[in-house]
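The values are calculated or read from the model by the stated rules, or taken from the named source; none is laboratory data. Keep in mind it's a predicted model, so treat the numbers as computed, not measured. Virtual Cβ from ideal backbone geometry, glycine too; neighbours counted across all protein chains shown. When the accessible area is computed, the model is the full protein with side chains, heavy atoms only, and any ligands, DNA or RNA have been set aside. Shrake-Rupley method; radii C 1.70, N 1.55, O 1.52, S 1.80 Å.
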Amino acid sequence: MQDYKAPKDLLKGKVILVTGAGAGIGQAAAKTFAAHGATVILLGRTIKKLEDVYDEIEAAGYPQAAIYPMNLEGAVAKDYDDMAATIEKEFGRLDGILHNAALLGSITPIEQYDVDEWLKLMQVNLNAPFMMTQALISLLRESDDASVIFTSSSVGRKGRAYWGAYSVSKFGVEGLMQVLADELDDEHHDIRVNSINPGATRTNMRAHAFPAENPIHNPLPEDIMSTYLYLMGKDSVGVTGQTFDAQKK
């Protein structure tokens with residue numbers, strides 16, 4: 001779907017939550033969704049970054065965004081229930097979720113991996129998307145056309161030495177996506193669930209993972225949005241439980 005051309009009004013009237021919306025792929029997705037008509041809920045832990053994205057969306061004349069600060073590392077089930085109640089009060093439904101926020105952690109052998117760091121990555125990369133999605137399913141059911149996108153990785157589809165908790169958490173994300181897609185794949189639900197591997201992209205996380213790499217050879221986050229738009233919009237109705245790559249291999 002890398003060549004998908006989205007209609008300008010593809011997401012008109014939709015309410016879409018984007019996690020990790022303050023920078024990188026999350027920021028690009030939030031602005032792209034807004035540019036195609038969506039009201040975007042910007043979720044992240046750094047308010048200043050979220051405010052900057054909010055201001056860019058407003059300055060461009062797109063639908064007014066909303067800001068929801070949250071630190072996924074410390075969030076518990078009640079925090080997600082409170083978030084669901086707030087979204088229900090303000091919007092009455094939710095049409096989409098992009099689970100983008102994640103931590104990289106150490107690139108180190110399992111034998112030497114710090115246990116506390118391992119648990120932190122599992123909390124942010126896997127437990128948070130589980131708890132958040134669980135709390136928001138009832139709001140997704142209020143939509144006529146809902147989509148949940150999980151962010152995966154090549155190391156979440158085939159394990160690679162030294163990628164530790166990041167790799168394992170992304171395997172978990174793929175499993176969560178598949179289980180949820182299978183549970184919601186019937187005539188009583190209009191919720192599709194899929195995952196995207198962004199591939200090598202010019203982000204801070206990529207720079208930390210590959211410090212010797214020349215980033216100029218990688219596309220900007222804004223350049224890989226076609227697959228995100230396809231999965232979030234009506235043209236992907238009926239597509240669920242699938243893994244996608246945002247870049248051609």
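When you go through (1) in contact with a strand residue (DSSP E or B) (Cβ under 7 Å, 6 or more places away or on another chain); (2) open to solvent by 30 Å² or more (accessible area, probe 1.4 Å) one by one for residue 174, which number turns out not to apply?
For residue 174, the failing item is (2).
Condition first: assigned to a helix (DSSP H, G or I) and either within 21 Å of residue 195 (Cβ to Cβ) or among the aliphatic types (A, V, I, L, M) (or both). Can you find one or more residues in segment 144-155 that meet it? Before the answer, list the steps.
Step one: list which residues in segment 144-155 are assigned to a helix (DSSP H, G or I), which gives 154-155.
Okay, now just the ones that are also either within 21 Å of residue 195 (Cβ to Cβ) or among the aliphatic types (A, V, I, L, M) (or both), so 154-155.
Yes, there is a match, as at least one residue in segment 144-155 is assigned to a helix (DSSP H, G or I) and either within 21 Å of residue 195 (Cβ to Cβ) or among the aliphatic types (A, V, I, L, M) (or both).
In segment 104-126, how many residues are part of a helix (DSSP H, G or I), closer than 19 Å to residue 172 by Cα and open to solvent by 20 Å² or more (accessible area, probe 1.4 Å)? Talk me through it step by step, then tell me what you get.
Pass one, segment 104-126, residues part of a helix (DSSP H, G or I): 110-112, 115-126.
With the extra rule that they be closer than 19 Å to residue 172 by Cα, the set shrinks to 110, 115-126.
Filter once more, so that each one left must be open to solvent by 20 Å² or more (accessible area, probe 1.4 Å): 110, 115-120, 122-123, 126.
Residues flagged as part of a helix (DSSP H, G or I), closer than 19 Å to residue 172 by Cα and open to solvent by 20 Å² or more (accessible area, probe 1.4 Å) within segment 104-126 amount to 10.
Given the residues 81, 95, which is the only one that is crowded, with 21+ Cβ neighbours inside 10 Å and charged (D, E, K, R)?
Working: 81 fails: crowded, with 21+ Cβ neighbours inside 10 Å.
Selected residue: 95, the only one of 81, 95 that is crowded, with 21+ Cβ neighbours inside 10 Å and charged (D, E, K, R).
Residues being out of contact with any Asp or Glu (no Cβ under 8 Å at 6 or more places or on another chain), more than 21 Å from residue 156 (Cβ to Cβ) and open to solvent by 30 Å² or more (accessible area, probe 1.4 Å): count how many of those fall in segment 219-249.
5
Counting only residues that are out of contact with any strand residue (DSSP E or B) (no Cβ under 9 Å at 6 or more places or on another chain), closer than 18 Å to residue 174 by Cβ and open to solvent by less than 40 Å² (accessible area, probe 1.4 Å), how many does segment 127-161 have?
From segment 127-161, those out of contact with any strand residue (DSSP E or B) (no Cβ under 9 Å at 6 or more places or on another chain) are 127, 130-131, 134-135, 138, 142, 144, 155, 158-161; that's our starting set.
Adding the requirement that they be closer than 18 Å to residue 174 by Cβ leaves 127, 130-131, 134, 155, 158-160.
After this cut, where a residue has to be open to solvent by less than 40 Å² (accessible area, probe 1.4 Å) as well, the list is 131, 155.
The total comes to 2.
Report every pair of residues separated by at least 6 positions or lying on different chains whose Cβ atoms are under 8 Å apart, first residue within segment 167-184 and in contact (Cβ under 8 Å) with a residue 60 or more places away in the chain and within 16 Å of residue 121 (Cβ to Cβ), second open to solvent by 20 Å² or more (accessible area, probe 1.4 Å) and of a type in the set (S, T, N, Q).
174/243
Would you check which residues across segment 132-154 are more than 21 Å from residue 244 (Cβ to Cβ) and β-branched (Val, Ile, Thr) and list them?
Across segment 132-154, the qualifying residue is only 137.
Restricting segment 192-218 to residues that are β-branched (Val, Ile, Thr), at pLDDT below 95 and under 17 Å from the mean Cα position of the chain (by Cα), which is most open to solvent (accessible area, probe 1.4 Å)? Can you show your working first?
Taking segment 192-218 as the starting set, the residues that turn out to be β-branched (Val, Ile, Thr) are 193, 196, 201, 203, 216.
With at pLDDT below 95 added as a condition, the list becomes 201, 203, 216.
Still in the running and under 17 Å from the mean Cα position of the chain (by Cα): 201, 203.
On the way: 201: 3, 203: 31 Å².
Result: 203.
List, please: which pairs have Cβ atoms under 6 Å, are six or more places apart or on different chains, and start with a residue in segment 105-132 that is at pLDDT below 95 and end with one that is open to solvent by less than 30 Å² (accessible area, probe 1.4 Å) and in a helix (DSSP H, G or I)?
Sorted first by the residue in segment 105-132, then by its partner, the pairs are 105/121; 105/165; 105/166.
Across segment 29-50, what is the number of residues that are in contact with a strand residue (DSSP E or B) (Cβ under 7 Å, 6 or more places away or on another chain), open to solvent by 20 Å² or more (accessible area, probe 1.4 Å) and either of a type in the set (Lys, Arg) or without any contact (Cβ under 8 Å) to a residue 40 or more places away in the chain (or both)?
Matching residues across segment 29-50 total 2.
Out of (1) crowded, with 17+ Cβ neighbours inside 10 Å; (2) over 16 Å from the mean Cα position of the chain (by Cα); (3) in a helix (DSSP H, G or I), what's the single condition that is false for residue 179?
(1)
Can you confirm whether residue 26 is in contact with a Leu (Cβ under 6 Å, 6 or more places away or on another chain) and open to solvent by less than 50 Å² (accessible area, probe 1.4 Å)? Write out each step before concluding.
On the way: in contact with a Leu (Cβ under 6 Å, 6 or more places away or on another chain): no; open to solvent by less than 50 Å² (accessible area, probe 1.4 Å): yes.
So residue 26 fails the test.
Taking only segment 48-93 into account, find how many residues are over 22 Å from residue 143 (Cβ atoms) and not in a strand (DSSP E or B).
Our first condition is that a residue be over 22 Å from residue 143 (Cβ atoms); within segment 48-93, this holds for 48-56, 58-61, 69, 71-79.
Applying the additional criterion that residues be not in a strand (DSSP E or B) yields 48-56, 58-61, 71-79.
Result for segment 48-93: 22.
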